[in-house]
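A.B. asks: Would you mind keeping the following structure in view while I ask a few things?
Values quoted throughout were computed directly from the atomic coordinates according to the rules given, and no laboratory measurement underlies them. Because the structure is predicted, anything quoted here is derived from the model rather than measured. Here the Cβ positions follow ideal geometry from the backbone for every residue, glycine too, while neighbour counts run over all protein chains shown.
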Amino acid sequence: MLSNKQLETVSEAPQIKKSSGKRLLLVGNPNSGKSTLFNALTGLNQRIGNFPGVTVEKKTGQLKLGQEKLEVVDLPGTYSLVPRSEDEKVTYEYLIDQNRNDKEEIVVIIADASSLKRNLLLVTQMIDLEYPTILVLNMMDIVERNKQKIDIAGLERELGVPVIPMNARLGKGVSKLKTRIETFDYIPAPKVIERHEEKNQLKNTVDRFKRIKEILAKTYHADGPAKTAESTRKIDKIFTHSVWGFVIFLFILFLIFQAIFSWSTYPMDWIENGFLVFGNWLGGALPEGILNDLLVEGVLAGLGGIVIFIPQIALLFMFIAILEDTGYLARVSYLTDTVLKRFGLNGRSIIPLLGGAACAVPAIMSARTISNKKERLLTIFVTPLISCSARIPVYTLLIALVIPAEKQLLGFNLQGIVMMALYLLGFVAALGTAMLLKYWVKTEERSHFIMELPIYRMPRWKNVGMTIYNKVKVFLFEAGKIIIAVSIVLWVLSSYGPGNKMEAIEQKYEQIEQDPSQELSLTQDQIASEKLEASYAGHIGKFIEPAIRPLGFDWKIGISIITSFAAREVFVGTMATLYSVGDEENTTSIKEKMARATHPSTGEKVYTKATGYSLLIFYAFALQCMATVAIVVKETGGWKWPILQLVYMGALAYFASLLVFQVFS
Amino acid sequence: MNLASCKIGDQVTLEKILDEQLTVQLYSMGCIIGERITLERVAPFGEPMIIRVEDSFISLRKNDAENMIVKQ
Ligand SMILES: Nc1nc2c(ncn2[C@@H]2O[C@H](COP(=O)(O)OP(=O)(O)OP(=O)(O)O)[C@@H](O)[C@H]2O)c(=O)[nH]1
Ligand SMILES: [Mg+2]
């Protein structure tokens, strides 16, 4: 990180320009609408949200202007050219990268016109560093609502760069920007201020604001305080209230929980039945044989297990998108800072932690906005303990399996209580772990919680809809790809075995069947399960069984735990495949098949309450996600932390499950 | 007087910032010497707080507010 002394001493813009196309760099303060404009220019769907620090990495897209194809780069927001945190550093390092001189570049600075003074700081810094600049004044709708008046031509004259008013949300001004880009010809603007290298660098910033005030005196007029700020203040009287603020937050969490785990059961039942009907139809319609088995028992069983969770995933992401779009998340940061501080975290940590309920991977990346290295590291370390959307299928299936739907505790549905307890457990474990690490990780660095709270905005339903659509698509196709691959491999591994054991079993049963003296009490199920045990998958499972036996797990669960490393939701697909192989009439759901499963040696049920609870706890704690490990390697710059995390969470899962199994059995 | 000792609703002028790192951060967010600041909210346990600078709302912790010298 740069020292403070380097404020404004950034080297000047890269000089050499070969003209093999153009590149637009979208730069600006956090939350000024860069990604909204990026989406409007490129037609892509970058994440947008109403809080500072949504974009934390460089994203590239393409813009077609007539014959020309331009590269467009969306960068994390930054207040100035002194990076305070990792996300701002991305922008800073990209801007000063002297090696990137393959294309002619135009810096499009997006300024929030409704707080022009603050936004002009970065603008004038960029102009003085001689970056070819176009200034976009975004949020003109808010400027209008606030009755603020901006003299565009005057500003153009004062700054010496093109200025384009815009409403990026509605796409107003985008075509004007495109035209301006086509005709853009860089004429160096006069320096806004004379920088004095020898002066205290902060003085330069003071000089800059002095000059900005002079410019605004000529070009900007406002009647009193902004209306949007006033209404935000009023809303905050409730939402950040010392008592009501917390009540509202808990109520919102409860509402989300209810929606995901209670309202969604209806569509889930429809999907489940639909898949059964379709599977049976397909099994009957296709010619008998290996392909039929592979499709119906392997792929369809695996996929059906996951598709039914779409309603829950969609609801979860709908709520997250709404929270992100309104500006409420920044208030949650404010409310939770004091508590999180005691655990070595920061109010900003709540955004990764809440995001972790969706998926730990982007959540861990969003920890980049936490400037204190220790707080960031702790946040990264504990985020995977928050129950993510991939655990939803596992929890839902297991809870339905071991807890009767009608069972009540203190008047509440027991299934719901256990589900909530799992989420709480994850959160408590995250805080507890942070507490432990707090004493272990040392830092000299000071910690701040200096964050801008954006004005409240209405969520845009189109954006919410797009988010749901994209997330469901990713869930289906990314998870679906893994599930299909795992299902196929697993189906092969469990349909074939080493040597000729499988054939031996078949022969044995054929003999039994033909021998009239034997009673024909052996069911198809028993043959299938004996064959499964003799298969390759059976051998692998049996090999690890001793290690997980004390937790109440059998070898099939062992296999699911292994395959779950690809992604946790694979658990359901694995179970579906393992219990479908050899099942001639595929008429029951996975849940029913698992409910019927017994230990072959003892005849006892496999999924007792003890095993079910133990397995739930295991999935709540274990870091069974390759993507998370990969992102932690990337974000922490090495293998030390991810390995520590893997071992720690693994041990936590193992011993917690052991305890739970012993208590309940 | 420092900002931490102000009451909710107080409007003050920023006179001096005692910490350099804090100065850099606040300056880049448009909160400079001479600016009018309103203390909007204080969370339970005395921090964090929300201040208003022109039309922006910024959150701060107590130790940072203590480093901000203000006058009525
Ligand atoms: N009213 C209004 N809101 C806008 C406009 N442009 C963007 N927004 C909203 O402003 C918020 C921030 O938009 P983003 O595009 O995520 O901002 P960003 O600059 O990429 O933010 P970071 O990635 O955090 O730096 C979102 O809630 C947008 O919907 C606009 O022209 N008018
Ligand atoms: Mg962005």
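A.B. asks: Could we say that A:K203 is away from chain B (no Cβ under 14 Å), of a type in the set (D, E, K, R), closer than 30 Å to A:A113 by Cα and surrounded by 13 or more Cβ atoms within 10 Å (Cβ to Cβ) here? Before you say what the answer is, go through the steps one by one.
C.D. replies: Numbers: away from chain B (no Cβ under 14 Å): no; of a type in the set (D, E, K, R): yes; closer than 30 Å to A:A113 by Cα: yes; surrounded by 13 or more Cβ atoms within 10 Å (Cβ to Cβ): yes.
When the stated conditions are applied, A:K203 does not pass them.
A.B. asks: Of the residues in region A:81-137, how many are within 14 Å of chain B (Cβ to nearest Cβ), of a type in the set (S, T, Y) and assigned to a loop (DSSP other than H, G, I, E, B)?
C.D. replies: Looking only at that region, the number is 1.
A.B. asks: With respect to B:D64, is the statement that it is within 7 Å of chain A (Cβ to nearest Cβ) and within 9 Å of the chain's Cα centre (by Cα) true? Spell out the reasoning first.
C.D. replies: Values: within 7 Å of chain A (Cβ to nearest Cβ): yes; within 9 Å of the chain's Cα centre (by Cα): yes.
For B:D64, the condition - within 7 Å of chain A (Cβ to nearest Cβ) and within 9 Å of the chain's Cα centre (by Cα) - is met.
A.B. asks: So which strands (runs of 3 or more DSSP E) stay within chain B end to end and still have 3 or more residues that are without any contact (Cβ under 8 Å) to a residue 40 or more places away in the chain and closer than 27 Å to A:G77 by Cβ? Write out each step before concluding.
C.D. replies: Values: elements: B:11-17, B:36-42, B:49-53, B:56-60, B:68-71.
Of the strands (runs of 3 or more DSSP E) lying wholly inside chain B, those with at least 3 residues that are without any contact (Cβ under 8 Å) to a residue 40 or more places away in the chain and closer than 27 Å to A:G77 by Cβ span B:36-42, B:49-53, B:56-60.
A.B. asks: Same structure again: Quick one: how many residues across region A:71-91 are in contact with a helix residue (DSSP H, G or I) (Cβ under 7 Å, 6 or more places away or on another chain) and within 12 Å of ligand 2 (Cβ to nearest atom)? Outline the logic, then answer.
C.D. replies: Narrowing region A:71-91 to residues in contact with a helix residue (DSSP H, G or I) (Cβ under 7 Å, 6 or more places away or on another chain): A:72, A:74-87.
Retained after the next criterion (residues that are within 12 Å of ligand 2 (Cβ to nearest atom)): A:74-78, A:87.
Within region A:71-91, residues that are in contact with a helix residue (DSSP H, G or I) (Cβ under 7 Å, 6 or more places away or on another chain) and within 12 Å of ligand 2 (Cβ to nearest atom) number 6.
A.B. asks: Continuing with this model, one more query. For the condition away from chain B (no Cβ under 14 Å), more than 30 Å from B:R61 (Cα to Cα), part of a helix (DSSP H, G or I) and under 26 Å from the mean Cα position of the chain (by Cα), what is the one hit in A:L315, A:L250, A:L294?
C.D. replies: Values: A:L250 fails: more than 30 Å from B:R61 (Cα to Cα); A:L294 fails: under 26 Å from the mean Cα position of the chain (by Cα).
On inspection, the qualifying residue turns out to be A:L315.
A.B. asks: Taking region A:143-186 on its own, how many of its residues are surrounded by fewer than 20 Cβ atoms within 10 Å (Cβ to Cβ), part of a helix (DSSP H, G or I) and out of contact with any Gly (no Cβ under 8 Å at 6 or more places or on another chain)?
C.D. replies: 13
A.B. asks: I've got another one for you. Out of the residues in region A:450-477 that are without any contact (Cβ under 8 Å) to a residue 12 or more places away in the chain and either more than 25 Å from A:T232 (Cβ to Cβ) or away from ligand 1 (no atom under 16 Å from the Cβ) (or both), state the one that is nearest to the other protein chains (Cβ to nearest Cβ).
C.D. replies: Quick first cut of region A:450-477, residues without any contact (Cβ under 8 Å) to a residue 12 or more places away in the chain only: A:450, A:461-462, A:465, A:469, A:473-474, A:477.
Those still in the list that are either more than 25 Å from A:T232 (Cβ to Cβ) or away from ligand 1 (no atom under 16 Å from the Cβ) (or both) too: A:465, A:469, A:473-474, A:477.
Details: A:G465: 29, A:Y469: 33, A:K473: 36, A:V474: 33, A:F477: 39 Å.
Checking each candidate, the answer is A:G465.
A.B. asks: Say we look at region A:36-70 and pick out the residues that are more than 10 Å from ligand 2 (Cβ to nearest atom) and among the β-branched types (V, I, T); which of these is surrounded by the fewest Cβ atoms within 10 Å (Cβ to Cβ)?
C.D. replies: A:T60
A.B. asks: Also: What pairs can you find where one residue is in region A:370-391 and closer than 18 Å to A:E88 by Cβ, the other is buried (at least 23 other Cβ atoms within 10 Å of the Cβ) and of a type in the set (S, T, N, Q), and their Cβ atoms are less than 7 Å apart, with a gap of 6+ or different chains?
C.D. replies: Going by the 7 Å Cβ cut-off, the qualifying pairs are A:I370/A:N346; A:I370/A:S349; A:I370/A:T379; A:N372/A:N346; A:E375/A:N346; A:E375/A:S349; A:T379/A:S349.
A.B. asks: Moving on. Inside region A:387-500, counting only helices (runs of 4 or more DSSP H) that do not spill past its ends, which hold 3 or more residues that are touching a strand residue (DSSP E or B) at 6+ places or on another chain (Cβ under 6 Å) and under 30 Å from A:P52 (Cβ atoms)? Break it down into steps so the answer makes sense when it comes.
C.D. replies: Numbers: elements: A:391-402, A:414-440, A:461-474, A:480-495.
Correct list: empty, since no element meets the threshold.
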